[in-house]
Amino acid sequence: MFKPISLVVLGLFSSAVAQLNTLAQAAGKKYFGTATDNPELSNTSYVAQLRNTADFHQLTPANSMKWDATEPSRGIFTFQGGDQIVALAESNRQLIRGHNCVWHNQLPDWVTSGSFDNATLLSIVENHCVSWDVINEPFNDDGTFRESVFFSTTGTSYITTALRAARAADSQAKLYINDFNIEGRGPKSTAMAQLVKQLQADRVPIDGIGIQGHLIVGEVPPTFAQNLQDLAGLGVEVAITELDIRMTLPATPELLAQQKADYETVIAACKAVDGCVGVTLWDWTGKFSWVPGAFAGEGAACPWDENFVRKPAFQGIVNGWVF
Ligand code: XIL
């Protein structure tokens, strides 16, 4: 007697927990990863899972490589926090996503309030950019450029300067522009595509587009997969860099089931698009998610709950990679 196939499949999944990076790499991706933050590293149960390379082959420091952490005073660089996460990743053979070089948030006052002229601010940007998620959130939702201190002083020159400086500092790092609300087709995604085309025409180094992926349960844009393909079609890498899918609390079985389906949709889209190189969670456990602090009344956005127990969303990710 042979076993019906469904029983074999069930047996497979119940005897061994499928693992997120193993499955991502089996689907041809470079990595599945997660954000993490320095204060979390004193929690030994947390770190044990963070080091589990079968799930996570890539780490993003959630805060300790931002401008306020790395250049708190002009020309004075402090890399201790970022280095701690790099050292952890290296000891574990995990990849690192440098996050981020130029962003309008978490800037020290000396940058925001320095009233620098164009040339001086460009030299400050040039001096600051050593690698990575080089430009973070340059657009407004309508596709116009965000009026940060950088744009209002230099126009788009700061983008060019930052990318060139990052390439000069590190010829190996993949240089990305990263933003949110570019998950589906729309004016902001079109603006990102236009910017990348312009940079390519101007021979400015640009290797990838980061799609943050801070999503809401039940609201994954229906054009998510096509949009990923559109952006990859520009000849750059795309990556989902900050994935979490939040809900209005309390979590119910229905919301958790929808969240599982939403994680599966996102992962399946990355799987289907060759140019999508990997997916990074914006931390893996509700215990350390940024969501409750940023969106009042919302949370439960990660695939593990605050007690480090896998939620249905975990199986959604597995399904996305497998099916
Ligand atoms: C968030 C961090 O997770 C928080 O700890 C911090 O207080 C604010 O920033 N988009 C980004 C990330 O690119 O840098 C943000 O990270 C989340 C939104």
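What follows draws every value from the coordinates through simple rules; no lab data is involved. Here the structure is a predicted model, which is why all the values come from computation and not from measurement. Cβ atoms come from the backbone with ideal geometry, glycine included; neighbour counts cover every protein chain shown.
Key figures for this structure:
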| quantity | calculated |
| --- | --- |
| Residues of segment 53-100 classified as in contact with a Leu (Cβ under 9 Å, 6 or more places away or on another chain), within 12 Å of the ligand (Cβ to nearest atom) and more than 13 Å from T36 (Cα to Cα), total | 3 |
| D141 being surrounded by fewer than 18 Cβ atoms within 10 Å (Cβ to Cβ) and either over 19 Å from the mean Cα position of the chain (by Cα) or in contact (Cβ under 8 Å) with a residue 24 or more places away in the chain (or both) | yes |
| Unmet criterion (only one of (1) surrounded by fewer than 20 Cβ atoms within 10 Å (Cβ to Cβ); (2) touching a helix residue (DSSP H, G or I) at 6+ places or on another chain (Cβ under 8 Å)) for T34 | (1) |
| Number of positions in segment 174-200 that are more than 16 Å from the ligand (Cβ to nearest atom), more than 14 Å from I135 (Cα to Cα) and of a type in the set (A, V, I, L, M) | 2 |
| Any chance K260 is assigned to a helix (DSSP H, G or I), more than 17 Å from the chain's Cα centre (by Cα) and under 25 Å from A26 (Cα atoms) | yes |
| Residue count, segment 77-97 (criterion: part of a loop (DSSP other than H, G, I, E, B) and either under 19 Å from I240 (Cα atoms) or charged (D, E, K, R) (or both)) | 3 |
| Odd one out for R203 among (1) surrounded by fewer than 22 Cβ atoms within 10 Å (Cβ to Cβ); (2) touching a residue at least 12 places away in the same chain (Cβ under 8 Å) | (2) |
| Every residue from segment 263-289 that is of a type in the set (F, W, Y) and over 13 Å from the mean Cα position of the chain (by Cα) | Y263, F288 |
| Test for A301: is it more than 18 Å from N178 (Cβ to Cβ) and in contact with a strand residue (DSSP E or B) (Cβ under 6 Å, 6 or more places away or on another chain) | yes |
| Given (1) within 16 Å of the ligand (Cβ to nearest atom); (2) surrounded by fewer than 14 Cβ atoms within 10 Å (Cβ to Cβ); (3) more than 18 Å from the chain's Cα centre (by Cα); (4) within 30 Å of S152 (Cβ to Cβ), index of the condition N105 fails | (3) |
| Condition check for V318: surrounded by 20 or more Cβ atoms within 10 Å (Cβ to Cβ) and more than 18 Å from the chain's Cα centre (by Cα) | yes |
| Those residues of segment 44-76 which are among the polar types (S, T, N, Q) and either closer than 25 Å to I240 by Cβ or part of a loop (DSSP other than H, G, I, E, B) (or both), in sequence order | Q49, N52, T53, Q58, T60, N63, S64, T70 |
| Flag for A48 being more than 30 Å from V318 (Cβ to Cβ), free of Cβ contacts under 8 Å to residues at least 24 places away in the same chain and more than 16 Å from the ligand (Cβ to nearest atom) | no |
| Long-range neighbours under 6 Å by Cβ, at least six apart or interchain, first residue free of Cβ contacts under 8 Å to residues at least 40 places away in the same chain and within 19 Å of V309 (Cβ to Cβ) within segment 279-293, second more than 9 Å from the ligand (Cβ to nearest atom) and part of a loop (DSSP other than H, G, I, E, B) | G286/A300; G286/C302; G286/D305; G286/E306 |
| Filter pass, I76 being surrounded by fewer than 19 Cβ atoms within 10 Å (Cβ to Cβ) and of a type in the set (V, I, T) | yes |
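Conditions tested, residue by residue: (1) within 16 Å of the ligand (Cβ to nearest atom); (2) touching a helix residue (DSSP H, G or I) at 6+ places or on another chain (Cβ under 6 Å); (3) under 16 Å from G218 (Cα atoms).
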| site | (1), (2), (3) |
| --- | --- |
| A239 | yes, no, no |
| L243 | yes, no, yes |
| M247 | no, yes, yes |
| A251 | no, no, yes |
| V266 | no, no, yes |
| W282 | yes, no, no |
| A294 | yes, no, no |
| A301 | yes, yes, yes |
| P312 | no, yes, yes |
